[in-house]
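Undergrad: Pasting in a structure now, in C-alpha cells, and then I'll have a few things to ask.
The values are calculated or read from the model by the stated rules, or taken from the named source; none is laboratory data. Given the structure is predicted, the values throughout are model-derived calculations rather than measurements. Glycine also receives a Cβ, built like all others from the backbone with ideal geometry; neighbour counts cover every protein chain displayed.
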Amino acid sequence: MAPLFMNAQTEIDGIMMSKGNFCFGTIYQRSSWNKYWEGTFKRENLNFGTVSTKSVALMGNYGVSDNLNIIFSLPYVETKASAGTMGGAKGLQDISFTVKYMPFEKTIGKATYSLYALGGLSAPISDYPADYLPLSIGLKSKTASLRLMGDYQRGRFFTTLSGAYVKRANVTIHRNSYYTTEIHYTNEVALPNAISINYRIGYRSSRLIAEAVLDNWVTQSGGFDITTNNMPFLSNTMNALKIGVNTKYTLKKVPALSIIGGCNFVTEGRNVGQSNTFYGGLFYILNLKKTIQENEK
C-alpha cells in the first residue's frame with residue numbers, strides 16, 4: 001500500500017542517450033485509491049477514505065557513450081488521506097542511480113534487435129518514517145536491481161520486454177517488537193525481494209513515442225498478508241499488475257525539448273491499493289560535448 005516504484009520512462013525503454021548528451025527534467029505524478037486488497041480480498045476502509053500520493057521527481061540521463069548511460073532520479077513525495085485521524089507525510093524519498101548498457105544492436109532486413117543490461121541502486125535520502133503505512137512516502141529500504149531487456153523495432157512499430165530482480169535490504173523501525181505471523185523482538189524488519197516484468201508495445205519515431213505498457217511487480221517468499229481490519233506493514237507481500245500508456249513528444253521548433261505524459265491503473269493486486277496514476281513532465285537535452293569543445297576554442 002506504499003508507493004512501490006516511480007515511473008521511469010528513460011530507464012526501461014529501448015532508447016539510449018547519445019555520447020556527451022545530458023537529458024534532465026522533472027516529472028509530476030499523482031496517484032490515488034479508495035479500495036485495496038487485504039490479502040486477496042478487495043475492500044474499502046472508511047478510516048482512510050481516499051489515499052492520494054503526489055510526487056515531483058528530478059531525473060537525469062547522461063550518455064557516457066552511445067551504448068552506456070547513467071541515470072538518476074530523486075523524488076519528493078507527499079501523501080494524505082481524505083478521512084480518519086492519520087495525517088499525511090511528505091519529504092524527499094529515495095535517490096536512485098541506474099547504469100544502462102547496450103551490448104548488442106543489429107539490423108537484419110527492416111528490423112533492429114537490441115539487448116540491454118541495467119544495474120540499479122537506491123537508498124533513502126531523508127529520515128522519513130517507513131513504519132507508517134499506508135501513508136509512508138516509501139519503504140526506506142536500500143535496494144539493488146539487475147534488469148535484462150530486449151527491444152525489437154520494425155519501421156515505427158516496436159516492442160520491448162524486460163525482467164528485473166530487486167534485492168531489498170532490511171529496514172530499522174522505531175519500535176522494539178512487532179507481529180507478522182509471529183512476534184519479533186527486534187527493531188529490524190526483513191523485506192521480501194521482488195521480481196518486476198515489464199512489456200511495452202507501440203509506435204516510435206524521432207519525434208513521437210506512444211506505447212501501451214503491462215507491468216507486473218511480484219514480491220518473493222518471506223512476505224505475509226494484511227490480517228482482517230489490521231494496518232499494513234513493511235514486510236507484507238505486495239503484488240501489483242498494472243496496465244497503462246506512455247507518450248513522449250519532441251517539439252519540432254525546439255528539438256531539445258520533450259513533453260511526456262501517461263497513466264497507469266492497478267488491475268490486480270495483493271496488499272496494495274487499487275491505484276490510478278497520472279503523470280506528466282518536461283525534459284531537455286544538453287550537448288555537453290559540444291559545449292566543452294566550444295569553450296576550448
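Undergrad: In the range 145-162, how many are buried (at least 19 other Cβ atoms within 10 Å of the Cβ) and of a type outside the set (A, V, I, L, M, F, W, C)?
TA: 5
Undergrad: Anything in the range 14-56 that is under 20 Å from the mean Cα position of the chain (by Cα), assigned to a strand (DSSP E or B) and over 19 Å from Leu135 (Cβ atoms)? List them, or say none.
TA: Cys23, Phe24, Gly25, Thr26, Ile27, Tyr28
Undergrad: Here's a follow-up. Criterion first (over 23 Å from Ile197 (Cβ atoms), in contact with a Lys or Arg (Cβ under 6 Å, 6 or more places away or on another chain), free of Cβ contacts under 8 Å to residues at least 60 places away in the same chain and among the small types (Gly, Ala, Ser)) does Gly88 satisfy it?
TA: So Gly88 passes the test.
Undergrad: Let me ask another. Filter the range 257-297 for residues that are part of a loop (DSSP other than H, G, I, E, B) and at pLDDT 90 or above and give the result.
TA: Listed by number, the residues that qualify are Asn271, Val272, Gln274, Ser275.
Undergrad: Right, here's the next one. State yes or no: is Pro124 surrounded by 15 or more Cβ atoms within 10 Å (Cβ to Cβ), under 26 Å from Arg43 (Cα atoms) and of a type outside the set (Lys, Arg)?
TA: No: the conditions fail for Pro124.
Undergrad: Is it the case that the range 208-221 has a residue that's part of a strand (DSSP E or B), among the β-branched types (Val, Ile, Thr) and surrounded by fewer than 18 Cβ atoms within 10 Å (Cβ to Cβ)?
TA: yes
Undergrad: Within the bounds of the range 88-98, is there any residue that is more than 24 Å from Gln274 (Cα to Cα), at pLDDT below 95 and not small (Gly, Ala, Ser)?
TA: No, that holds for no residue.
Undergrad: Give me the residue from the range 183-207 that is closer than 30 Å to Ile15 by Cα and assigned to a loop (DSSP other than H, G, I, E, B) and, out of that set, nearest to the chain's Cα centre (by Cα).
TA: My answer is Asn193.
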